[in-house]
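Written below as structure tokens is the structure these notes are about.
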Amino acid sequence: MRIGKVLSIILYVLAALFILGGIGLMASPSSPASTMGAIVGFGFGALFIILGIIASRKEPANSEKLTLIAGKGLFSPWYYIGKEGIYKGKKLLLRWNEIANIFVIHEYEITKSNLSLRTLQTGVPSMSGTIYKMGTFRVITKDGREIDIKNVINPKEILEYIKNTYLKNIS
């Protein structure tokens, strides 16, 4: 069993214990201490649930053969490419021989500003940060389906890599 899976199970058990403790405190005679204890129990329970979700969301088991190309945030899908095709999460979405064409339909820049001590002192965030290019792929399959893959990292470079490596017969 993967370490992320084991860790997520442990975090879910801790979440259940804290939530059950909070329910137990709510069922006891009402006092400010028991109400506060219940709130803390529910808060830690929610925190452990979120951490469990993060721990269980790891790269696929054969990650050494896959490259992350798209994904943003905890709850958005992550896309990978590998020798067999395009993966959505941990499952093969499309094989390379099923793709008729792939192209970039949207590209934009995002700036990740760094929170610094100067920002905390002045209250004015600094816009001097790292600039990333993100975009959206449109994949057209041979059977006519159109699939959009959002939040692709460096979409033009990734597209060139895919076409040169996996889709040599597509212009």
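Going highest first, how would you order 132-138, 89-95 by mean Cβ packing within 10 Å?
My ranking of the peptides, most packed first, is 132-138, 89-95.
Using r as the Cβ-Cβ distance of LYS133 and VAL40, and R0 as 41 Å, what FRET efficiency do you calculate, to the nearest 0.05?
That gives a FRET efficiency of 0.45.
Could you name the lysines in cross-link range of LYS150, using Cα to Cα under 25 Å and dropping any fewer than eight places away on the same chain?
LYS58, LYS65, LYS72, LYS83, LYS88, LYS90, LYS91, LYS112, LYS133, LYS142, LYS163, LYS168
Read-outs: derived from the displayed coordinates by stated rules, not from any lab. On a predicted model such as this, the values are computed, not experimentally measured, just so you know. Ideal geometry is used to build each Cβ from the backbone, glycine not excepted, and the neighbour counts take in all protein chains shown.
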